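Here is the structure we will look at.
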Amino acid sequence: MTTQPDATAPLAPPQPTGAAGRRGPFQPGERVQLTDARGRMHTITLAAGGEFHTHRGRILHDGVIGLPDGSTLTNTAGEEFLALRPLLSDYVMSMPRGAAVVYPKDAGQIVQYADIFPGATVVEAGVGSGALSMSLLRAIGDQGRLHSFERRADFAEIARGNARTFFGADHPAWTVTVGDLAETLPEVCAPGSVDRVVLDMLAPWGCLDAVADALVPGGLLICYVATATQLSRVAEGAKEHGGFTEPHAWETIERDWHLEGLAVRPVHRMHGHTGFLITTRRLAPGVTPPLRKRRPAKGPEDPEEQPFGVEVDREWTPEDVGERVVSDKRLRKIRRTVTGEAPPPDMAPRRRDGEVGDGDPGRDGDHGRDGDHGQTPADRHTARTDEDATGEDRPDEQEVDR
């Protein structure tokens with residue numbers, strides 16, 4: 001006996017954005033991570049009839065398409081490879097980037113300690129290459145809202161392209177605004193309508209007034225800064241504002257371990273400092289927090305003297321915090337790789353005898369935090385067929401410590 005489906009039964013809810021590409025057999029257009037017997041990892045984008053060449057043999061894409069996730073395959077020289085879909089942490093460490101990315105260890109801390117929940121309304125500045133944006137989008141889901149602000153239009157386009165590649169489509173919860181957060185936030189978000197604010201920028205203390213107006217009472221602000229100088233300025237700015245709770249700051253240092261038989265020990269090299277995190281919460285209007293009792297620290301002899309020798313009102317530049325500035329030529333190449341479009345006229349290269357460049361070195365984006373010179377396991381995901389076109393100065397491929 002054949003039963004007919006009940007027309008009155010509720011339809012199954014649609015899958016969240018990006019979920020369809022995280023399971024099932026490999027399909028053309030998907031990114032696949034190939035790991036050889038020595039632990040070296042290569043990321044390729046599958047295409048019908050395509051080939052991936054190594055120094056020992058080649059792999060036919062048609063032999064990978066249709067395999068289940070976690071399969072092994074053999075190249076033309078008899079070498080075995082393990083094929084897996086890259087995790088989000090793998091993807092952000094190997095994707096084209098205009099600015100240095102927020103590392104997975106820090107993105108995980110931000111999502112957890114900022115209490116990013118499904119359906120939340122979150123404000124982010126700056127976008128950089130989109131690494132942190134993708135973690136925030138996953139946490140809030142399709143029903144939340146992520147309002148991202150980025151001063152540089154080229155960085156915003158690269159971030160959109162990277163997120164579109166990972167999720168398979170433009171995420172419905174994401175809005176990217178090109179402009180300064182302090183000036184444009186009141187135009188985008190009504191007062192008291194934002195649950196969480198995440199700032200990854202050079203001078204977040206300059207946005208505290210705008211952030212305080214946008215946050216709901218009890219809402220949380222978390223800042224990601226590269227130097228102790230910035231950390232001190234954010235903390236003192238939040239205390240001086242009076243509308244926030246006592247700030248809390250920390251950093252996370254990650255150390256991998258070598259596992260080989262009885263040789264179980266820390267690896268010889270590690271990626272140390274990437275950035276500091278500092279959180280504070282919005283007080284209800286008109287509320288004064290209890291006076292924090294602490295032993296006073298000795299201040300400077302001159303009241304006008306600033307800590308660390310930094311002038312209060314001077315505009316900060318990436319060079320002030322040791323950040324590597326990306327060249328205009330490299331940005332044009334990365335943008336063309338991500339979007340597949342020619343750069344607009346305002347990004348076109350200029351004559352050598354003309355002006356020096358057309359890019360603004362200042363930005364709201366991911367900071368260079370010793371960024372691309374230390375290596376973590378994710379840094380090994382660098383060799384892939386479509387990556388050479390990005391122009392990225394990636395770390396050298398590192399073999400697994402044996």
| request: Check 34, 82, 73 and return the single one that is modelled with pLDDT of 90 or more, crowded, with 20+ Cβ neighbours inside 10 Å, hydrophobic (A, V, I, L, M, F, W, C) and not in a loop (DSSP other than H, G, I, E, B). | output: 34
| Filtering region 131-153 down to residues that are over 18 Å from residue 95 (Cβ atoms) and in a helix (DSSP H, G or I), which residue is least open to solvent (accessible area, probe 1.4 Å)? | 140
| Of the residues in region 42-66, how many are open to solvent by 40 Å² or more (accessible area, probe 1.4 Å) and within 24 Å of residue 92 (Cα to Cα)? | 5
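Being more than 17 Å from residue 285 (Cβ to Cβ) and either among the acidic types (Asp, Glu) or out of contact with any helix residue (DSSP H, G or I) (no Cβ under 9 Å at 6 or more places or on another chain) (or both) narrows it down to one residue among 262, 181, 199, 185; which is it? Quick ask: steps written out before the conclusion?
Working: 181 fails: either among the acidic types (Asp, Glu) or out of contact with any helix residue (DSSP H, G or I) (no Cβ under 9 Å at 6 or more places or on another chain) (or both); 199 fails: either among the acidic types (Asp, Glu) or out of contact with any helix residue (DSSP H, G or I) (no Cβ under 9 Å at 6 or more places or on another chain) (or both); 185 fails: either among the acidic types (Asp, Glu) or out of contact with any helix residue (DSSP H, G or I) (no Cβ under 9 Å at 6 or more places or on another chain) (or both).
The conditions single out 262.
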| said: Quick check on region 19-26. Is at least one of its residues in contact (Cβ under 8 Å) with a residue 24 or more places away in the chain and surrounded by 18 or more Cβ atoms within 10 Å (Cβ to Cβ)? | reply: yes
| What is the number of the single condition among (1) touching a Lys or Arg at 6+ places or on another chain (Cβ under 7 Å); (2) surrounded by 23 or more Cβ atoms within 10 Å (Cβ to Cβ) that residue 204 does not meet? | (1)
| query | Looking at (1) free of Cβ contacts under 8 Å to residues at least 40 places away in the same chain; (2) part of a loop (DSSP other than H, G, I, E, B); (3) open to solvent by less than 10 Å² (accessible area, probe 1.4 Å), which is the only condition residue 98 fails? | reply | (1)
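The values are calculated or read from the model by the stated rules, or taken from the named source; none is laboratory data. Since this is a predicted model, take the numbers as computed values, not measurements. Glycine also receives a Cβ, built like all others from the backbone with ideal geometry; neighbour counts cover every protein chain displayed. In case anyone asks, the SASA skips ligands and DNA or RNA and just uses the protein heavy atoms, side chains included. Shrake-Rupley method; radii C 1.70, N 1.55, O 1.52, S 1.80 Å.
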